[in-house]
Amino acid sequence: MARKFLVLGEVRDGSLRNVSFEAIGAAKLAADGGEIVGVLVGDSVQNLGNELIQYGADRVVAVENVQLKQYTSDGFAQALLAVIEQEKPEGIFFGHTALGKDLAPKLAGKLESGLISDVTSIEEEGGNIVFTRPIYSGKAFEKKIVTGGVVFATIRPNNIEPLAKDESRSGDVAALNVDIKDLRTIIKDVVRKASEGVDLSEAKVIIAGGRGVKSEDGFEPLKELAQVLGGAVGASRGACDADYCDYSLQIGQTGKVVTPDLYIACGISGAIQHLAGMSNSKVIVAINKDPEANIFNVADYGIVGDLFEVIPLLTEEFKKL
Ligand code: FAD
């Protein structure tokens, strides 16, 4: 049965996040040939509408308002509720990002609808849309359907393929004026921690360091390898607790959950709480001095050795490619 789905195009630093294109791919699977409407919210976002269309949206609705320059759940919820009211979709998809995790439950609660978070795959079964999501820190998967109301879902980055970009596609990008009022939060200023390179949660390659890296300087060879492979640097909580790197790099149960194509764990023992954040990576390579380290139990390839000898060798070899 063809259905209409909305997909929020999440904008960061003036560009659309890749997970938004993956969410369009997910909506295509769920809509069964129905219409996909991209939604843009911000103070100057309408110009990004064509890119959503090139990635598979049929048309786009953009809500622009100076009060939406910075994300607030209150302001964005008002904008999206107006779009939902106008479009009356069967479902609305978000990336499983900090924004999506905050906004989707708020809207689902307001509309008394079901929400399925952290979706890794979607199938159609007997007229139902069946969502698969990991549970128990990735040790098991559950399948869910929503039985009534608007279907809300957040899509985990790097799991559902986006459609190939088609620059010949065109569609309507329409503005919707929404009176944003009575905001309870006003963001005066955003102070960012400097972050270099690729975003960890969307990275296709992650080089992660643990306590075995031994110091802040010990992360330098990992950064160089990440740069050569176009990847991001991550860390275990052991490395963060030891002050070798910032907590924003932490991967695991109480850090970020990542599913890159390639995860290289360097000097990480493989505690269950770390595995919770990375064990669904497509290919795992572990470098550890200890042949008994638990990380080798989840690794596809293991290198028993000193990371300070192994990583420079890998970097040199990858540079030749
Ligand atoms: P270690 O366990 O100390 O391992 C270091 C490894 O480096 C060892 O295996 C050693 O053989 C190897 N090594 C040393 N030198 C070298 C070298 N030169 N070359 C190669 N290998 C070397 N942890 C997380 O990572 N993420 C989380 O989100 C998280 N959440 C937690 C939540 C709770 C409630 C609790 C209780 C713990 C949590 N932890 C988390 C902590 C977790 O239990 C481990 O303590 C932590 O993951 C260990 O980090 P590590 O592997 O870097 O350090």
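Every number here is computed from the coordinates shown, using simple stated rules; none is lab data. Keep in mind that this is a model prediction, so the values were computed, not measured. Ideal geometry is used to build each Cβ from the backbone, glycine not excepted, and the neighbour counts take in all protein chains shown.
Just a few scattered comments:
- The stretch 75-189: relative contact order as a whole-number percent, Cα under 8 Å and 6+ apart: 31
- In summary, the lysines within cross-link reach of residue 289, defined as a Cα separation below 24 angstrom excluding same-chain residues under 8 places away, comprise 214, 223.
- Helices meeting the span-like rule in the chain (full DSSP H runs, Cα extent of at least 18 Å along the helix axis, mean Kyte-Doolittle score of 0.0 or higher): 18-31, 73-87, 307-320.
- Charge dipole (the chain, unit charges on Cβ, about Cα centre) - positive-most of 245, 150, 18: 150
- Shape category assigned to the chain from the gyration tensor of Cα positions, a/c cut at 1.5: prolate
- Restricting the stretch 39-117 to GluC sites (Glu not before Pro) in coil, as DSSP defines it, with at most 10 other Cβ within 10 Å: 112
- Cα gyration tensor, the stretch 259-321 - rounded (a/c under 1.5), prolate or oblate: oblate
- Among 49, 25, 148: highest mean-square fluctuation, GNM of the chain, C-alpha pairs under 10 Å: 148
- Note on the stretch 134-174: Cα-Cα pairs beyond 15 Å make up 70% of the total pair count.
- Beta bridges by DSSP in the chain, antiparallel share as percent, to the nearest 5: 20
- The fewest-to-most ranking of 182, 246, 58, 217 by surrounding Cβ atoms within 10 Å reads 182, 217, 246, 58.
- The distance separating the Cα centre of the stretch 77-99 from that of the stretch 166-210 comes to 15 Å.
- For the stretch 121-209, trypsin sites (Lys or Arg not before Pro) are listed when DSSP marks them as loop and at most 15 other Cβ atoms sit within 10 Å of their Cβ; the list is 139, 165, 169, 181, 184, 188, 192, 193.
- Applying the criteria of a DSSP loop state and at most 12 other Cβ atoms within 10 Å to the chymotrypsin sites (Phe, Trp or Tyr not before Pro) of the stretch 135-206 yields 136.
- Student exercise, the chain dipole from Lys, Arg, Asp, Glu Cβ charges, in Debye to nearest 20: 480
- Sequence-separation-based contact order of the stretch 14-62, relative, with Cα cut under 8 Å and 6+ spacing, percent: 40
- Reachable aspartates and glutamates from residue 4, criterion Cα separation under 14 angstrom, eight or more residues apart if same chain: 32, 35, 58, 85, 87, 90
- Cα gyration tensor shape for the stretch 125-209, rounded if a/c is under 1.5, else prolate or oblate: rounded
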